[in-house]
Amino acid sequence: MKMSKISKTQNAATEGVDSNSKIEAIKNLIFGENIQQYNTEFDELKADLLKKKQELQSFIDDTRDELSKSIDSLSTDLNIRITDLENKLEDRLDTIEDEKTSRDMLGEALIELGKKIKA
C-alpha cells in the first residue's frame, strides 16, 4: 500500500514536470525569438520608468526646497512690514498725544492702519 502511494506521487510529480516542460516547449515554438525581444523591451521600459520616477522625485524635492525658501522669505518680509507698521503707529500716536488731537483722528488712524494690514 505504501509503495503504491509513493509511486503515484512520483508519477504525478513527473507528469507535472513533463507538462511544464511541454508548455515551455509550446511557448517557445509559438513565440520563439519574439519572447526574448519582449523581455528586452520590458526590461528597457522598467529601466525607463525607474529613471523617470527618480527624475520626478528629484523635481519634487527641488520644488519643496524652493517653496520652503519662499515661505521663509515671505515670513521675514511680513515680519519686517509689521514692525514698520507698529513703529509708524507708535510715531503717529506720539504725534497725536503731542497735538492732543481728538478721538476721531485716533479712530481714523487705527482704521487706516487696519486697512493696510488687511491689504
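Since every read-out is calculated from the coordinates, none of them should be taken as a lab result. The shown structure was predicted, so the numbers you read here are calculated from the model rather than taken from an experiment. In this analysis, Cβ positions are derived from the backbone assuming ideal geometry, glycine residues included, and neighbour counts consider all displayed protein chains.
Here is how the numbers come out for the structure above:
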quantity: Near pairs, Cβ below 6 angstrom, 6+ apart or cross-chain, from segment 105-119 (touching a residue at least 12 places away in the same chain (Cβ under 8 Å)) to any residue that is of a type outside the set (Ser, Thr, Tyr) and surrounded by 13 or more Cβ atoms within 10 Å (Cβ to Cβ); calculated: Leu106/Ile96; Ala109/Arg92; Leu113/Leu89
quantity: Residue count for segment 68-87, restricted to those that are over 24 Å from Ile111 (Cα atoms) and of a type in the set (D, E, K, R); calculated: 2
quantity: Yes/no for Asp104 being part of a helix (DSSP H, G or I), surrounded by 10 or more Cβ atoms within 10 Å (Cβ to Cβ) and not hydroxyl-bearing (Ser, Thr, Tyr); calculated: no
